[in-house]
1. Would you mention how many residues in the stretch A:30-70 are within 12 Å of DNA strand D (Cβ to nearest atom) and assigned to a helix (DSSP H, G or I)?
2. Of the residues A:Leu177, A:Leu193, which single one is at the interface with another protein chain (Cβ under 9 Å from one of its Cβ atoms), touching a Leu at 6+ places or on another chain (Cβ under 7 Å), free of Cβ contacts under 8 Å to residues at least 40 places away in the same chain and not in a loop (DSSP other than H, G, I, E, B)?
3. Of all residues in the stretch A:27-61 being away from chain B (no Cβ under 14 Å) and touching a Gly at 6+ places or on another chain (Cβ under 9 Å), which is nearest to B:Pro141 (Cα to Cα)?
4. I'm told B:Lys132 meets every condition in (1) closer than 22 Å to A:Met134 by Cβ; (2) in contact with a helix residue (DSSP H, G or I) (Cβ under 6 Å, 6 or more places away or on another chain); (3) within 7 Å of chain A (Cβ to nearest Cβ) except one. Can you identify the failing condition by its number?
5. Which of (1) touching a Gly at 6+ places or on another chain (Cβ under 8 Å); (2) without any contact (Cβ under 8 Å) to a residue 12 or more places away in the chain; (3) over 23 Å from A:Gly224 (Cα atoms) is the odd one out, the single condition A:Ile200 does not satisfy?
6. Answer yes or no as to whether B:Ala36 is out of contact with any Asp or Glu (no Cβ under 8 Å at 6 or more places or on another chain) and buried (at least 21 other Cβ atoms within 10 Å of the Cβ).
7. Starting from the stretch B:62-77, take each residue that is within 14 Å of another protein chain (Cβ to nearest Cβ) and list its partners that are more than 7 Å from DNA strand D (Cβ to nearest atom), counting only C-beta distances under 6 angstrom and pairs at least six apart or across chains.
8. Condition test on A:Ser18, is it within 11 Å of DNA strand C (Cβ to nearest atom), modelled with pLDDT under 90 and of a type in the set (S, T, N, Q)?
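The values are calculated or read from the model by the stated rules, or taken from the named source; none is laboratory data. This one's a predicted model, so the numbers in the text were calculated from it and none came from an experiment. Here the Cβ is made from the backbone with ideal geometry for all residues, glycine too, and neighbour counts use every protein chain on show.
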2 protein chains.
Amino acid sequence: MIETPFERGAPFAGTPSSGESRARAAATRERILDAAERLFAEHGFAGTSLRDITAEAGVNLAAVNYHFGSKDELFLAVVIRRFEPVNRRRLEMLEQAERQADPPRLEDVARAFVQPVVEARDEEGGWSVLPKLMARVVGEPGGWAEKILPLTFGAVAARFLGSLERALPGVPRADLLWGLVFSAGVLSHYLLLGDLIGRITGRWMEEAQAAETVERMTAYITAGLRGLAVSQAHGGREKTGGKRGKQKGKKR
Amino acid sequence: MIETPFERGAPFAGTPSSGESRARAAATRERILDAAERLFAEHGFAGTSLRDITAEAGVNLAAVNYHFGSKDELFLAVVIRRFEPVNRRRLEMLEQAERQADPPRLEDVARAFVQPVVEARDEEGGWSVLPKLMARVVGEPGGWAEKILPLTFGAVAARFLGSLERALPGVPRADLLWGLVFSAGVLSHYLLLGDLIGRITGRWMEEAQAAETVERMTAYITAGLRGLAVSQAHGGREKTGGKRGKQKGKKR
DNA sequence: ACAATTTTCAAACGAACGTATGATTGAAGC
DNA sequence: GCTTCAATCATACGTTCGTTTGAAAATTGT
């Protein structure tokens with residue numbers, strides 16, 4: 001049996017069919033993953049302890065090591081479990097945008113990027129903590145972004161870049177990459193600060209407002225990408241192969 | 001003598017003039033603040049221990065409690081010490097933009113927002129970790145954003161909103177606030193991911209590229225704000241006073 | 001020179017951490 | 001029914017954490 005890098009106890013094709021024991025194990029794993037997702041979204045990786053997670057999941061502390069191997073592998077499992085469907089939905093919307101127009105309309109590309117995250121739901125249909133978790137991953141210290149983003153976003157980024165190239169012909173790919181990073185920044189900041197800003201402005205996240213928010217971000221991102229494209233057409237070309245500046249501080 | 005909330009040992013007006021002892025204490029505080037800034041920027045609040053900081057500063061572990069009171073107060077001191085001059089520079093550039101045109105040009109407002117952060121330097125004139133620290137603060141779990149942003153950014157935000165109102169007349173203030181949040185997101189993501197993306201695209205941060213980056217972000221933000229303004233002029237008005245959706249997970 | 005104060009130091013405390021382990025319980029296989 | 005295996009449990013380990021404390025050193029004030 002081949003073990004995935006993060007679900008050690010999980011049975012696979014070729015093992016005996018599931019019985020009560022395996023159903024129980026699967027239920028334990030789900031509870032751990034659900035609790036970990038909520039707590040990692042709220043408190044980050046270092047701010048969440050395994051005791052917090054297992055207390056909220058109602059399972060034994062050692063269950064994390066039994067099923068996932070380590071805290072690191074649990075975190076990775078949480079992220080991959082939940083990012084994958086959102087990114088799949090992103091690609092579906094992108095493909096729909098590409099079928100509807102050639103090249104695709106920039107606002108449709110932007111909406112494909114934004115909407116599946118803003119409208120992510122948990123399994124009961126309620127608001128998910130997933131957007132906050134996704135937003136937080138980028139800021140996690142300790143090299144998590146470098147490990148997770150290529151894994152969970154690399155292929156998606158490549159597809160979006162392809163669409164942007166067709167929607168904004170002549171713009172260098174590096175600029176489009178920056179445009180995608182800026183767009184991700186718009187989304188992330190909204191997800192991290194949406195609650196705080198919502199309380200300040202007296203507006204709360206509701207389903208109706210989710211749609212408005214998607215449109216608001218889509219408008220900003222679409223115009224921003226066009227503005228970037230125009231400015232790069234008028235401005236000087238970028239230099240290549242520069243040396244990196246010195247960085248201080250040690251890696252943990 | 002009135003103690004500030006974070007520098008307990010610091011002498012103030014009315015105390016005896018500085019002597020060697022106080023110069024030594026001031027040097028100790030600076031070393032702690034410098035080391036803490038680098039480590040908090042790289043590893044975040046929870047991922048940085050006091051032992052890390054005091055080892056890098058070359059001081060005794062207890063010095064943190066003696067001079068700052070606690071780890072929380074040290075973090076707050078680091079943030080306020082370094083954000084304030086950057087925000088002051090932002091306001092200077094904003095005032096210059098307002099003097100040059102009435103209403104101010106949107107790209108000048110955007111540049112005033114972005115440039116002081118991107119071009120922040122440490123005291124030796126080298127690249128600062130300050131941008132990364134500023135970017136990271138928003139993502140810090142544990143209520144840091146709610147505590148820090150009003151303190152370090154509230155007045156600055158109000159001034160920028162005022163300029164945006166004049167540069168984009170007729171746009172509701174709440175939309176301008178979202179626009180500012182999106183703009184901050186563009187900046188933050190660049191600061192957090194700039195190294196990673198730079199390595200991917202083969203371009204590194206150099207001074208020449210800092211200026212290009214400022215222009216690139218300025219172009220994106222300027223166009224994005226206009227796009228947002230236009231879309232709100234065409235789209236439906238926002239509802240007010242909606243109920244907040246349910247949120248899961250407990251506060252730590 | 002001495003007392004008082006400030007600053008720094010080494011060490012310790014209680015709490016919490018992630019990981020590991022042997023024991024126990026429950027389920028599967030014969 | 002018994003053996004084997006999987007899953008869960010209580011407990012413990014070594015390490016690390018932030019904070020505190022009494023002692024020592026340095027500085028200031030008289």
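1. First pass over the stretch A:30-70, keeping only residues within 12 Å of DNA strand D (Cβ to nearest atom): A:30-32, A:46-47, A:49-51, A:54-55, A:57-68.
Retained after the next criterion (residues that are assigned to a helix (DSSP H, G or I)): A:30-32, A:50-51, A:54-55, A:57, A:62-68.
The number of residues fulfilling the criteria is 15.
2. Unique residue meeting the criteria: A:Leu177.
3. So, considering only residues that are away from chain B (no Cβ under 14 Å) and touching a Gly at 6+ places or on another chain (Cβ under 9 Å), the one nearest to B:Pro141 (Cα to Cα) is A:Arg29.
4. Here B:Lys132 clears every test but (3).
5. Failing condition for A:Ile200: (1).
6. So B:Ala36 fits the description; yes.
7. B:Phe75/B:Phe45
8. So A:Ser18 fits the description; yes.
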